[in-house]
Structures are given as C-alpha cells and as structure tokens.
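These notes concern the structure reproduced below.
The values are calculated or read from the model by the stated rules, or taken from the named source; none is laboratory data. Note that the coordinates shown come from a computational prediction; the quantities given were computed from them, not determined experimentally. Cβ sites come from the backbone with ideal geometry, for glycine too, and all protein chains shown count toward neighbours. What goes into the accessible areas is simple: the full protein's heavy atoms, side chains included, and nothing from ligands, DNA or RNA. Shrake-Rupley method; radii C 1.70, N 1.55, O 1.52, S 1.80 Å.
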Amino acid sequence: LGRMGRAPGTRLDLAVARELAQRENAKAVVKGQIDPVGRGYVVSADLVKAADGAVLLSLRENAKDDGAIIEAVDRLSRRLRERIGESLKTIRASEPLDEVTTASLDALRKYSQGNRAWEEGQSEQAVALLQEATALDTGFAMAYRKLAVTLSNTGASASRVKAAATAAFNHRDRLPPLERDLAIAFYYWTAEYDLDKVTSAYRSVLELDPENGIALNNLALVYIRQRQWPAAESLIVRGLALPGSQTGALYVNAVETRVAQGKFAAAAQAIDQFAASRSPSNPMVEWLRGGLASAQRDFDGSEVYVRRLDQQPDPGFRELAAFGLLGLDQIRGKLAAAQADLRQALAAAERRNLPGNYLSTVALAAIAEVRYGGTTAAALASVEAALKLHPLVSIPATDRPYLLLTGFYAFAGQPVRARALLADYERDIPETARRGQAGRYGAAAAIAMAEGRIPDAIAGFRSWHDEDNCPVCGLFELAHAYERAGQLDSALAVYERSITTNGLSLLEDQATTLAPTYRRMGELYEERGQLAKARDYYGRFVDLWKNADPELQPLVRDVRQRLARLTAEGTR
C-alpha cells in the first residue's frame with residue numbers, strides 16, 4: 001500500500017485488492033460477502049481475475065442463523081480450495097511487476113517492461129518504456145533513476161543522464177528509505193560527483209536489505225573505480241548468489257573485475273553463466289566475449305564477436321560495434337579499414353543525435369593519424385571541420401568533449417588553443433561535475449608537455465592515472481614524459497606496467513598506443529643490452545602489425561631486421 005501511495009490502513013475494497021494483486025503478481029483475489037436473507041444468511045465468495053475483474057468462480061452457502069455462519073464459511077472455503085486451482089489454470093501468468101513506489105499501476109507496468117527490455121539487450125526499447133513510465137507518473141523517482149542508469153549504460157549524452165538522475169533526486173522525499181538512498185547514490189555518482197555520499201547511500205541500502213542486488217552491484221562499481229578488484233568481486237559474487245537479482249550488470253562487472261585480476265577462465269565462466277541465465281543471443285554476450293578476447297590480446301578473435309554485434313537491430317549496440325571495429329583496426333595498423341570504421345562510427349553518432357560523441361571520435365582518430373605518421377595539418381583540418389559541423393556552443397555544456405579536444409590540440413602542438421579550451425571547460429562545467437573527471441589532469445598535463453614543462457606533465461599524467469578507473473589510461477603519456485625528462489628507468493617501468501595491466505576495455509584504451517609501446521620497449525631494452533626482452537617486444541610488435549597497411553610496413557620491416565640481427569647475435 002505504501003508503494004501504491006495509499007495509507008497503511010486503507011480498506012481493501014475490490015478495486016484496491018485487484019491492484020494490489022497485480023503488483024504482487026497474484027492471478028486473482030477472493031471477494032467474500034455475507035448477506036441476510038430472512039432469519040438466515042447467504043455466504044458468498046467470488047474468485048475475481050486481478051487483471052480485468054472477470055469472475056472466474058462464484059460459490060454460495062446458506063446459514064440458518066448467526067450461529068451457523070462460521071460453519072457455512074468453512075464449507076465455502078473447502079469448496080473454494082477444491083476448485084480454485086483449476087480455475088487459475090485458465091489464466092496465463094503475467095510478467096511480475098517490480099516493487100517500487102508509484103501511485104500509477106500503468107506507470108509501474110512500463111517501468112517493469114523497461115527493466116526486462118534492458119536485461120534482454122533491447123536498450124532503445126528500454127529507454128522508450130522508461131520515458132513512458134515517467135510521462136504517466138511525473139513523480140516516479142525510481143523510473144527516472146533507472147532511465148538515468150540505462151542512458152548512462154548506452155552511451156547517451158551526459159546532459160540526458162544528469163537530467164534523469166536529478167529528477168529522481170528531486171522526488172526523493174516521497175520515497176521510502178531504501179528507494180531514497182538509491183536515488184541519492186546515483187545522483188552523487190553522475191550529477192554532483194561525491195564518492196563518499198555514493199558509498200554511504202549504498203551502504204545504507206544494504207543495512208536495510210543485505211540482499212539488494214542494485215546496491216551490491218553499484219557499491220562494487222565504487223570499488224572498481226578505486227581499483228579495489230577483490231573487494232568489488234566479493235560484492236558481485238554475493239549479488240549473483242541471490243535468486244532473482246542476477247542482472248546483466250552483475251555479470252558484466254563480474255567479468256571486468258576478474259579480467260583486471262588476470263582471472264580469464266573465471267571471466268569466461270561468468271560470460272557463459274550470463275548467456276545461460278538470459279539468452280545466448282543477448283548482444284551483451286557478444287560484447288563481453290569480444291572484450292575478453294581483446295584483454296588477452298587476441299584481436300582477430302575479438303573481431304569475430306564485434307562483427308556479430310554489428311548485426312544487432314539495436315542502434316546503440318551497432319554504434320558500440322563501430323567503435324570496437326575502429327579500435328581493432330587501429331591497434332593492428334589497418335588504417336584504410338579504420339577510416340571506413342570511422343565513417344560508420346560518425347554516422348552512428350549522427351543517427352543517435354550525439355554531436356559530442358561525433359567530435360570525440362574525430363579527435364581520437366586525429367590523434368591516431370598523427371601517432372601513426374600522418375601529418376599534423378591533416379589531423380587539425382579534420383578536427384576543425386568537425387567543429388564547424390558541430391560548434392561547441394550548439395552542444396549542451398556537459399556534452400562538450402572539452403578534455404579530449406584540449407588533449408588533441410596540445411598533442412598537435414597548439415598549446416594556446418588547448419589552454420583556451422581548458423579554461424572554457426573550467427568555466428562551463430560545475431566543480432561538482434569536474435571532480436568525477438580524472439581526464440582533467442591529463443588535459444592539463446598534455447598542455448604542460450607541449451609547453452616543455454615536463455615535471456608538471458609527469459605529475460599531471462600520474463594524477464590522471466591514479467584517479468581514473470581505466471586500467472591503463474595515462475600510462476603511455478606518463479612513460480613518454482619520463483623519457484622527455486631523461487628518466488629512462490622510470491619510463492621503461494611505466495611502459496612495462498601498461499603492457500602487464502589487465503583490463504576489459506584495453507582495446508579502447510590502447511588502440512593507438514600498444515604498437516608504439518611494443519616497439520619502443522624493444523628499442524629501450526636493446527639499448528640496455530637486455531636482448532632477450534628486446535627480441536620479445538620486437539616480436540610482439542611484428543606479430544601485431546604483420547597485416548598492417550602498406551604505409552606502415554617500413555616500420556615493420558625495420559623491426560624485423562632488428563629482430564633478425566638480435567636473433568643472429570643470440571645464436572653466436
């Protein structure tokens with residue numbers, strides 16, 4: 001009754017009882033009545049279908065006087081029990097409704113359908129259903145919260161995620177304590193970043209309900225952000241052990257935490273369990289298998305799964321596939337194919353009306369172009385053309401990729417432009433939001449590198465890596481900064497760390513740095529006389545780029561020659 005917005009003492013007339021039954025997944029309700037007839041009574045019971053009020057069974061018993069009423073009720077009850085099971089067989093079981101607070105039964109149905117759509121991998125349908133739920137009940141806090149989560153998980157714009165999370169937070173006072181804490185936690189995760197408040201809220205949920213799957217999963221995300229992998233995994237395992245709480249998010253995070261710890265077999269087992277508990281055709285299964293293959297540096301194997309993802313009808317997954325193929329081709333030096341992937345990724349961003357994603361993708365591709373030997377002028381031209389198509393002022397402030405553009409312009413040797421963008425970022429983005437964006441340190445560090453302030457760059461890249469939950473972000477840049485400072489031992493140690501660190505998103509994070517890292521580590525080890533290690537990393541480079549495009553083959557030939565020379569020296 002509380003979740004229905006009714007007072008605890010509300011009388012259960014037939015209408016209220018039917019709604020309550022639907023919310024609790026009961027097929028029918030029994031309506032009883034006692035009517036005086038002369039000196040006696042008629043005791044009646046109707047079995048009423050909860051969904052539409054149809055009478056499934058109607059029984060009557062007579063009582064000759066007051067003293068016979070109890071016996072009549074007993075006889076009626078026995079007859080009812082004998083026939084109720086057969087009557088209920090005619091009713092198809094309805095999908096269960098979630099236990100969240102809303103006065104609108106129709107809104108609750110949309111919310112529950114949206115949840116199921118998300119678990120089945122139908123992200124676009126999930127968003128639409130959750131939006132319908134909030135339209136039916138504009139104060140439906142849990143629907144706003146779930147909408148924010150779904151938008152976030154499907155790569156929607158930050159402004160939409162923040163708006164939904166804020167709407168849930170603004171309606172928190174009408175919620176019971178558990179739901180209120182869930183709304184508070186996600187608000188402070190996405191809209192006004194405060195990890196202490198996030199942690200406190202989820203722990204409060206678990207005090208009220210130690211088996212709450214949402215709190216177990218999302219508190220694990222806090223530990224993932226802090227790279228406390230065993231602690232995160234323990235919460236996820238608790239969640240997966242609970243009946244009815246095995247959501248896709250728990251499986252995804254189980255895979256991530258296990259990959260980060262190098263537990264690849266256990267990660268594969270979690271994917272198999274996810275496929276078995278949901279459906280092998282769920283697009284998330286393909287995404288996870290592709291990510292696991294990439295984490296193990298099996299990029300050809302990863303491509304098989306990503307191409308399957310590209311065949312999905314859901315546009316969000318097709319966009320994810322486009323980015324995945326772009327990273328796979330970049331990491332293997334297939335630049336012509338990467339250009340085709342880039343066009344697909346940009347088209348996907350346009351279809352989903354995500355201009356911020358469009359600009360981010362162009363900037364990343366421009367960095368790759370310069371890093372792989374292209375001209376800075378061409379890279380700058382491509383970014384300028386994208387900004388002309390989607391000027392920053394036309395995009396909501398929270399959706400503008402200020403930090404990535406800052407990093408690009410600094411990398412392209414234009415620190416003045418980069419510094420202006422960083423100033424705009426600090427002006428337009430509230431401090432509460434900036435707190436959750438570790439990339440701000442990387443952007444400032446890139447400017448420092450471009451201006452020759454190497455100690456500042458080292459400090460900035462280190463802060464970026466330390467605060468980002470991304471396993472390897474900032475390490476390649478930090479190693480390069482150490483080289484600029486002449487600290488080759490530190491550079492080599494950081495390069496080594498970037499190679500030995502495991503992560504589910506390494507494809508995305510190392511798309512244009514893995515090959516240069518292999519090559520540079522080979523050179524550094526060769527200079528130090530550690531020829532076995534030099535041969536190892538030269539060999540990794542050659543294997544990674546064995547099918548690279550013709551314009552990159554001179555680099556491959558050079559490394560092959562180095563490898564052949566070192567191999568010959570090792571056999572003398």
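On a 0 to 90 degree scale, rounded to 10, what angle separates helix 514-527 from the longest Cα axis of the chain? Once rounded, one gets 40 degrees. Annotation for the range 382-423 versus the range 534-568: alpha-carbon center distance of 35 Å.
Put a plus charge on the Cβ of each Lys and Arg, a minus charge on the Cβ of each Asp and Glu, and nothing anywhere else: the dipole of the chain about its Cα centre is then about 460 debye. Between the beta carbons of residue 209 and residue 416, assuming R0 = 41 Å, the FRET efficiency works out to 0.15 to the nearest 0.05.
Please give me the summed charge of the neighbours of residue 375: other residues whose Cβ is under 15 Å from its Cβ, Lys and Arg +1, Asp and Glu -1. Provide the component values of the computation, followed by the final result.
Details: positive: 371; negative: 369, 384, 551.
Local net charge: -2.
Once R0 is set to 41 Å, what does the formula 1/(1 + (r/R0)^6) return for the Cβ-Cβ distance between residue 231 and residue 128, expressed as a FRET efficiency to the nearest 0.05?
0.70
Tell me which label goes with the value of mean projected area of the Cα convex hull in nm² computed from the coordinates here: (i) 45.5; (ii) 27.3; (iii) 30.9. Derived directly from the coordinates: (iii). Check residue 56: other-chain or 5+ apart residues with amide H under 5 Å from its amide H, H built from backbone geometry? Distant-sequence amide H within range of residue 56: 47, 48, 49. Amide H to amide H, with H built 1.01 Å from N, residue 40 comes under 5 Å of no residue 5 or more places away or on another chain. Multiplying each eigenvalue of the alpha-carbon gyration tensor of the range 1-122 by 5 and taking the square root yields semi-axes of 35, 17, 9 Å, largest first, rounded to whole angstroms. Nearest 10 degrees is fine. How inclined is helix 177-190 to the longest principal axis of the chain, computing both from alpha carbons? That helix lies at roughly 20 degrees to the long axis. Between residue 378 and residue 16, how high is the FRET efficiency from 1/(1 + (r/R0)^6) when r is the Cβ-Cβ distance and R₀ = 60 Å? Nearest 0.05. It comes out at approximately 0.30.
Spin-label pair residue 174-residue 427: with each label point 7 Å from Cα along the Cα-Cβ axis, the two points sit 3.9 nm from one another.
Across the range 538-554, coupling constants 3J(HN,Hα) worked out from phi with the 6.51/-1.76/1.60 Karplus curve, θ = phi - 60°, read 4, x, 5, 4, 4, 5, 5, 9, 4, 10, 5, 5, x, 5, 9, 5, x Hz, and Gly and Pro carry x.
Just the accessible area per residue of the range 451-533, please: how many Å² with a 1.4 Å probe? Accessible area per residue, the range 451-533: 40 Å². Amide H contacts of residue 28: 50, each under 5 Å away and 5 or more positions distant or on a separate chain (H built 1.01 Å from N in the peptide plane; Pro and chain starts excluded). Among residues other than residue 53 with Cβ under 14 Å from its Cβ, the summed charge is 0 (Lys and Arg +1, Asp and Glu -1).
In the chain, Cα pairs under 8 Å separated by at least six residues give a relative contact order of 8 percent. Modelled spin labels at residue 194 and residue 547, positioned 7 Å past Cα toward Cβ, are 5.2 nm from each other. The phi torsions of the range 40-57, fed into the Karplus equation with coefficients 6.51, -1.76 and 1.60 and a -60° offset, translate into couplings of x, 9, 10, 9, 10, 9, 10, 8, 10, 5, 5, 5, 10, x, 5, 7, 8, 7 Hz, rounded to whole numbers, with Gly and Pro shown as x. Mean sequence separation of contacting Cα pairs (under 8 Å, at least six apart), scaled by the length of the range 1-114, corresponds to a relative contact order of 26 percent. In a fully extended conformation the segment linking residue 564 and residue 500 would gain 20.5 nm over its present Cα-Cα distance, using 0.36 nm per residue.
Relative to the dominant Cα principal axis of the chain, helix 376-389 is inclined by about 30°.
Among 189-195, 254-260, sorting by the average number of other beta carbon atoms lying within 10 angstrom of each residue, highest first, gives 254-260, 189-195. The lysines whose alpha-carbon is closer than 25 Å to the alpha-carbon of residue 162, local same-chain residues fewer than 8 away aside, are 110, 146, 197.
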